[in-house]
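Scroll down for the structure; my scribbles are underneath it.
The values are calculated or read from the model by the stated rules, or taken from the named source; none is laboratory data. Remember, it's a predicted structure, so these values are computed and weren't measured experimentally. All Cβ positions, even for glycine, are placed from backbone atoms using ideal geometry, and neighbour counts span all protein chains on display. Accessible surface areas use protein heavy atoms only, side chains included; no ligands, DNA or RNA. Shrake-Rupley method; radii C 1.70, N 1.55, O 1.52, S 1.80 Å.
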Amino acid sequence: MVRSIKRIGEILRDFDYITKEEFDKALEKQKESTSDKKLGELLVEMGYITEHELIQVLEFQMGIPHANLSEYFLDPALSQYVPENIARRHLTVPLEKKEDVLKVVMSDPTDLVAIDDIERVSGLVVRPLIGGPSEIKEALNWLYSDDSIDISEFLEEFEGQETEDNNYEEAELREMVEEAPIIRLANSIISKAYKRGASDIHVEPEEDYVRVRYRIDGVLSQEMTAPKTSHRALVSRFKIIADLDITEHRVPQDGRIQMSINSRKLDMRVSTLPTIHGEKVVIRLLSRDTSLLDLENLGFTEKNLTTLKDLISKPHGILLLTGPTGSGKSTTLFAGLNHINNPRINLVTIEDPVEYQVEGIYQVQAKPKAGLTFARTLRSILRQDPDVIMVGEMRDEETAEIAVRAALTGHLVFSTLHTNDAVSSVTRLVDMGLPPYLVASSVIGVVAQRLVRELCPDCKEKVELTKAQQKFLGSSEITEAYEARGCKKCGNSGYKGRLALQEIFVLDDEIKELITDNVSENKLFYTAKKNGMNTLKEDGIEKLKAGETDVSELRRILF
């Protein structure tokens, strides 16, 4: 039996969104109109229903899910699959690519001509979702906007000024940084960095010019240069929006910026540092996108993922993430918290800064200058009936002692350390002043992590490994691997995105006994290896075999 599909007008009336009179007026207007507007569009245009109500009804009528574009951070790289002219002609925006499937948000997901066009140019299978026309247009304006920085007007503005720019009065500086060219330049630097997926912006004074660099996928690359005479005004512009003192340029300052880029909120951490050529500014971009906070998407091997899920399911103990700055420790910790987040658990964090904002997790921003230190806040959190606590970093003996006490009294504690590998975390905690027996009785596991660049799938090339590369890998059996080449889609870098390498050190009964006996790191390491631990290098080799990264990346990150 064939299911009858109701007309949109009938569904709108069933939902009490419109009256019969409103429906008749819209129908009459549609008949009189020379355009090919659909009834739903006319009802929105006439103010009888909202765009959101229309989307709800279309979803119900067609059984196709809708996507609220305001909740997504669009990936600029997806624009390569759908040319701007096709996207605008069919009012469609690419949302997500997984393997050979491209999800697109369309104002009319039943438009087979549009779907055929997109599949033809992208070479992918299209899966349509419903979206509001106004949201789609806004997304298209952002996704296909030209963020190139034209500084010709800016150069004229500063032409003829003295190179020495440290002698402005505050009133002069404020007047200068409120003028259009400097505002556009500062905004363009931030907007383009965000669009290209940069994690950091570096504004650096050289002797004769100012250099702007972006850190993308963990590697710095030069984006542009500006005249040296612009330096003080540009730095002051960033200081003003970060609420810093523009007259002080002899001491470091730290601040924060919150701004919207095409309705998408972006948090930034700003740091200034006086150098011999002037103040250097580094801006860390903190995305509020929580779509990454899924353990399944972090590159864990099946074995490591099972081990980690077992650790975060423990009722109490300390789980540590270790690695250098920028190795994705916070992302992995929050993915772990997100995995166990549910209404039956009280999760509280103390961080500096708060990088992700997750519903259901109660987060505290540390403010050491105001006396809100990690140790003091942790004591207060323990009076808030927590089940799980995340401490941003084990910074001192006092914080470590309180965390141990919390673990021993039935709490699960997540935190980070800065060590080279997982096993050396034990030595680090003992060096901080914790007795070995307390470390053994409280710590349940340590995850060491590094981030390597992932090979661009469009241009990676299989090559034969040299004897030197095989020696580095420690295996003559691996004769071939993929290598970076470079193409337009990856900016000629050969890489697109990053993936994590992990080493998970589980403190089982045998390891705990050895720690209590204060044995050497080497003894702990070889025992952990015997009990099944894979090292960072071994995890990297697995991802090399899978064609996800190459030998030069493993060498760069691990050695």
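The table below gives the values:
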quantity	calculated
Amide H contacts of Leu372 (H built 1.01 Å from N, under 5 Å, at least 5 apart or other chain)	Lys367
Most to least accessible of Phe525, Phe472 (protein chains only, probe 1.4 Å)	Phe525, Phe472
Gain in span if fully extended, Ala546 to Val519, counting 0.36 nm per residue against the direct Cα distance	6.0 nm
Gyration tensor verdict on region 203-275 (Cα atoms; rounded if a/c is under 1.5, prolate if a/b is larger than b/c, oblate otherwise)	oblate
Sites Ile276 and Val219 - FRET efficiency at Förster radius 22 Å, r taken between beta-carbons, to 0.05	0.30
Separation in nanometres of the label points that stand 7 Å from Cα toward Cβ, at Thr110 and Thr466	6.2
Solvent-accessible area per residue, Å², over region 232-353 with all protein chains present [probe radius 1.4 Å]	43
Extended-chain gain in nm, criterion 0.36 nm per residue less alpha-carbon gap, Met46 and Glu359	109.0 nm
Förster radius 56 Å - calculated FRET efficiency between Ser476 and Lys265, Cβ distance, rounded to 0.05	0.60
For region 415-488: accessible area per residue (Å², 1.4 Å)	47
Cα gyration tensor, region 321-388 - rounded (a/c under 1.5), prolate or oblate	oblate
Projected label distance in nm at Ser188 and Lys488, using a 7 Å step from Cα toward the beta-carbon	2.3
Nonlocal amide H pairs with Asp200, under 5 Å, H built at 1.01 Å	Arg215, Leu285
Karplus-derived 3J(HN,Hα), 6.51/-1.76/1.60, for each residue of region 90-95, Hz, glycine and proline x	9, 6, 9, 10, x, 10
Extension gain from Leu295 to Glu398, taking 0.36 nm per residue of separation minus the Cα-Cα distance	34.0 nm
Phi to ³J(HN,Hα) by Karplus 6.51 cos²θ - 1.76 cosθ + 1.60 over region 248-254, Hz, x for Gly, Pro	9, 10, 9, 10, x, 9, 10
Carbon plus sulfur fraction of accessible area for region 457-551, probe 1.4 Å, in percent	44
Centre separation in Å (Cα based) which lies between region 498-553 and region 303-374	22
Region 245-259 and region 391-450: distance between their alpha carbon centers, rounded to Å	34
Label-point separation in nm, Glu510 to Asn346, each point 7 Å along Cα→Cβ	4.0
